[in-house]
Every structure is written in structure tokens, then in C-alpha cells.
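Please read the structure below before turning to the comments.
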Amino acid sequence: MSRHTRILIVDDDERVLFVMRGALMRLGASYEVVTVRRGGEALEEFRKGPFDLVITDLKMSDMDGIELTKAIRALDSAAVVVWITAYGCQGVRAAARELSVYCCRDKPLEIADIRQIVLEALESAGSHSEELEKQE
């Protein structure tokens, strides 16, 4: 990757942001990781400049991850989005497919898993639905 890869992480839990940011910063200097605690803040950041990947929690106080993904899709239909949740992904699979979400993962995530998901999502940015099909 010759250009800077920008990743936006959205979660209302400061500890999750800290761990995920640290895990992804270790991928190298070509990765820029921005963290925010609310969906509204995420949209502001997304409007400022493009992100290669958005990782968002599904349950947040001001705007849930599904609403955030819909808003992101309105701005950039090709944005790569990963959902994370402590409440299980089972009930949101249809919405994930409809919104072309790369994948949904249950918390807690292992650091190695976080890095692997990010690398795979960025690598296959053109085929979002394949990962969701594998998860069923």
C-alpha cells in the first residue's frame, strides 16, 4: 500500500477504542487510526475526508451502528464497514447484507483477530458480500 490507509473506529467504550487503536497502529506507519465515541462524531470525521475502513459498534447512545452505516452509505456507497457488538451478530445479518457490511464480529475480539479482519477487509474491498456468506 503506497498511500496512507485511514481507519475510523467508533465505539462508546473508551477501553475498546484504546485496545483497537493500539492493535492497529502496530500494523505500521502507513495506517492512520482515528477513534470516536459517538456516531455523530464519526459522521463529522467521515465528511472531513475519506476512510478506507470503518469499524463501528452496533449499540451506542446517540446513533447505533446500523444508522451510522446507512449515513456512511449515503456519503460513500463503497466504504468498507465492519460491525462489532457485545450482543451477537445473529439478529443483524440481513441488515448487514442489505448495507454491504464486510462482516460482523462478536466482542471481545482478540488483537490478532482485529488485525486479521482489518487486513482482509482492506484487501477484498471490492467483494463485501463474500465474508457475510461465509459467516452463515
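Being without any contact (Cβ under 8 Å) to a residue 40 or more places away in the chain and crowded, with 16+ Cβ neighbours inside 10 Å is a description that does not apply to residue 14.
The single residue among 59, 48 that is surrounded by fewer than 20 Cβ atoms within 10 Å (Cβ to Cβ) and over 22 Å from residue 109 (Cβ atoms) turns out to be 48. Screening the stretch 31-70 for residues that are β-branched (Val, Ile, Thr) and either part of a strand (DSSP E or B) or modelled with pLDDT under 95 (or both) and picking the one that is nearest to residue 88 (Cα to Cα) gives 56. Inspection of the stretch 78-96 finds no residue satisfying the criterion of being charged (D, E, K, R), without any contact (Cβ under 8 Å) to a residue 60 or more places away in the chain, outside any loop (DSSP other than H, G, I, E, B) and closer than 18 Å to residue 7 by Cβ. Quick test of your reading of the structure: residue 86 fulfils all but one of (1) of a type in the set (A, V, I, L, M); (2) surrounded by fewer than 16 Cβ atoms within 10 Å (Cβ to Cβ); (3) touching a helix residue (DSSP H, G or I) at 6+ places or on another chain (Cβ under 6 Å). Name the failing condition by number. That leaves (3) as the condition not met.
For residue 108, the criteria (1) under 15 Å from the mean Cα position of the chain (by Cα); (2) surrounded by fewer than 18 Cβ atoms within 10 Å (Cβ to Cβ); (3) at pLDDT 95 or above hold in every case but one, which is (3).
Step by step: first the residues of the stretch 2-19, then only those that are within 14 Å of residue 51 (Cβ to Cβ) and not charged (D, E, K, R), then the one that is modelled with the lowest pLDDT. Which residue is that?
We begin by selecting, within the stretch 2-19, every residue within 14 Å of residue 51 (Cβ to Cβ); these are 3-10.
Still in the list and also not charged (D, E, K, R): 4-5, 7-10.
On the way: 4: 84, 5: 92, 7: 96, 8: 98, 9: 98, 10: 98.
Going through the qualifying residues, I end up with 4.
The values are calculated or read from the model by the stated rules, or taken from the named source; none is laboratory data. Source: prediction; values computed, not measured. Every residue, glycine among them, receives a Cβ derived from its backbone with ideal geometry; neighbour counts consider all protein chains shown.
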